[in-house]
Amino acid sequence: MYYIKKIRIRGYKGFKDTTIVFNKGKNIIVGINEIGKSTILESIGIVLSKVIYNKVDNSLERYFHNANKKYFFDNKTLDSLPEIIIELFLEFENEISSLKFSGINYTDHQNEEQCGIKFEYKFDKDFSSIINLNEYADKRLVPIEYYRAEWQTFSNISYKTQSLPFKYLFIDNSNNRNDIFGNYAKSIYLSKIDETTQLELAGSFNLALGAFKEAHKDKLNIDDTRLIGLDSNKTHLMRLLDIYESDISIQDMGKGKENLVKTEIALNNSMFDIILMEEPENHLSYTNTRKLLELINSFSNAQIIITSHSSVIASRLDLKNIIWLNNDGSHSLNNLTEDTAEYFNRLDNLDILRFILAEKCILVEGAVEYILLPQIIYKLTGSKISELGIDIISMGSISHERYREIASILNKRKIVTITDNDKKPSLTGSNIEDNFAIFRGTTIDDWTLEAAFYNCNNSYFDEQYEDRKTEAKYNGEECPKALAHMLKNKTENAIFMATNIENIEIPNYIQEAIKWINE
């Protein structure tokens, strides 16, 4: 099996120097918007397909890392000129095919041979004597016209795309900009149709086109010396390829169906060793997303690298395959226990990606806390949760220990759990360990959130609910009528409390939780 082991990106867009290690099978790249998920797939395309940098284009300056450009503008020297280096580390299934790609032509090699391809975009020093760097730097420009792009294998020979012993495909469902990997239909055509047949088809197409031109040349005459012709660039067979299902072009099926068909063709025919997918959930209903995931999960013959914003995709394709990008680099959940990964797989309705991506997070048991906490936080801090960078996530039935395991692996900043002590003395009070803290009522009287609020606002709630006909019992035990009403009508009471939070005192353990997460 061929697969990408890792990629090192230096000086390209938002990546100053980042290494991403991939799993042999499935990989799900997640991160906040603009963190660089698409850039990773784009970088793979630059290396494998030799695109973008194969011509002089001043617009390429925007692809340099901003800090590297600034360094040149400030220093104005040859050594300070920005560069882009992308190194793709590959694993080959046999030694013969790896010979052209194996060597030490990569950064920090320490004489250890690896297989891979190295792309460099840098200033051509042959022009050192004729260029005025001060003039460019003063105008805050990079001398792109004096740059050159070079693709070499790790064995220090020129890389040619034809020499690559494996096949790869890019499925872009994001309405993205550049067609980095070439037309989808063209990729399928080149992989599915053998070279001899390709030559036969191209010859037949050209003969048919020639016959058409000859048959209709009189109808296309403008005058004695001029006629309307066909653009040879547009009439090449490769430029006319499309994929059809039941005589319908997939482009006419709607984006959701097109996404499914593209993936089905790529996976079912086992034509590719590496498949890259940009946001496969785009344009898909919940049902079709599940169909897509079943298809991907049933396939094990290729490495699959996916970028996604979907918690369903993250959970269903196994959290152990998550690669989380943030400003500190990339982080893998590969060491997550099988038990926890399977737990989230079966409960994929939970927004696990919100937890992974959150800067600071408060975990709560259910809807009541979810409704109340934004208003409580605003009352205590004078700021909205968005301003404080806090996400509130309802755990449902999942134990906070499942979240603690993920937080520990990803070294999350601060996680608070606000939960009940359920009248168990051993569970009262707070428990703070590193960046993960649990806050509960400090006595068994504050056994749940409603009881804690009632205990420090009893006269207020007694007055508010004195006319209710609620029986003064809960779970067969006698209790104040107002508390019984709060416990039996949790959501209604939460909405009332949220609306009137300025008149309500906040229990101490909740105040402590909000204070801790904001310290």
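Summary of computed values
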quantity	calculated
Amide H within-cut-off set for Leu227, under 5 Å, with H built and near neighbours excluded	Ile222
For the chain, share of DSSP beta bridges that run antiparallel, in % to the nearest 5	60
Cα gyration tensor, the stretch 61-187 - rounded (a/c under 1.5), prolate or oblate	oblate
Debye log10 I(q)/I(0) at q = 0.22 Å⁻¹ for the stretch 375-519, Cα point scatterers	-1.50
Distance histogram in 5 Å bins (all Cα pairs of the stretch 293-418, percent per bin)	2, 10, 19, 22, 19, 12, 8, 4, 1, 1, 0
In order through the stretch 425-434: 3J(HN,Hα) via Karplus (6.51 cos²θ - 1.76 cosθ + 1.60), integer Hz, x for Gly, Pro	x, 5, 9, 7, x, 9, 9, 10, 10, 6
Per residue convex hull volume, Cα atoms of the stretch 427-466, in Å³	69
For the chain, calculated [θ]222 nm from helices alone, where every DSSP H run of n ≥ 4 adds -39500 (n - 2.57)	-10000 deg cm²/dmol
Evaluated at q = 0.31 Å⁻¹: base-10 log I(q)/I(0), Debye formula over Cα of the stretch 194-236	-1.08
Lysine pairs within the stretch 73-210, Cα separation less than 13 Å, 8 or more sequence positions apart or different chains	6
Percent carbon-and-sulfur accessible area, the stretch 250-357, ignoring ligands, DNA and RNA, probe 1.4 Å	39
Under the Karplus curve 6.51 cos²θ - 1.76 cosθ + 1.60, θ = phi - 60°, whole-Hz ³J(HN,Hα) for the stretch 413-420, x wherever Gly or Pro sits	5, 8, 10, 10, 10, 10, 9, 8
Cα-based convex hull, the stretch 247-330, per residue volume (Å³, whole number)	108
Those chymotrypsin sites (Phe, Trp or Tyr not before Pro) in the stretch 469-519 that DSSP places in a loop and that have at most 12 other beta carbons within 10 Å	none
Shape metrics for the stretch 465-519, restricted to C-alpha atoms - Rg then Dmax, Å	14.1, 44
Normalised contact order of the stretch 109-219, rounded percent, pairs of Cα under 8 Å and 6 or more residues apart	22
Equivalent ellipsoid dimensions for the stretch 352-405 as semi-axes, Å, which come from the Cα gyration tensor, largest first	20, 14, 8
Three-way shape call for the chain based on the alpha-carbon gyration tensor, with the a/c threshold at 1.5	prolate
Amide hydrogen neighbours beyond the local backbone of Ile171, cut-off 5 Å, H modeled	Leu276, Met277, Glu278
Semi-axis lengths, Å, the stretch 87-155, gyration tensor of Cα atoms, sqrt of 5 times eigenvalues	35, 11, 10
Gyration tensor verdict on the stretch 1-100 (Cα atoms; rounded if a/c is under 1.5, prolate if a/b is larger than b/c, oblate otherwise)	prolate
Accessible area (Å², per residue) of the chain, counting only protein heavy atoms and a probe of 1.4 Å	50
Heavy-atom accessible surface of the stretch 118-233: percent carbon and sulfur, 1.4 Å	50
Placed amide H near Phe64: partners under 5 Å, 5+ positions off or other chain	Lys13
Per-residue ³J(HN,Hα) for the stretch 63-72, Karplus 6.51 cos²θ - 1.76 cosθ + 1.60, θ = phi - 60°, Hz, x for Gly and Pro	7, 6, 5, 4, 5, 5, 5, 4, 4, 5
Mean Cβ neighbour count within 10 Å, used as a protection proxy, ranking 309-316, 279-286 highest first	309-316, 279-286
Accessible surface of the stretch 452-519 [probe 1.4 Å, protein heavy atoms]: carbon and sulfur percent	41
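The values are calculated or read from the model by the stated rules, or taken from the named source; none is laboratory data. Source: prediction; values computed, not measured. Reconstructed Cβ throughout: ideal geometry from the backbone, glycine too, with neighbour counts over all protein chains shown. We work out accessible area using only protein heavy atoms, side chains counted, and drop any ligands, DNA or RNA first. Shrake-Rupley method; radii C 1.70, N 1.55, O 1.52, S 1.80 Å.
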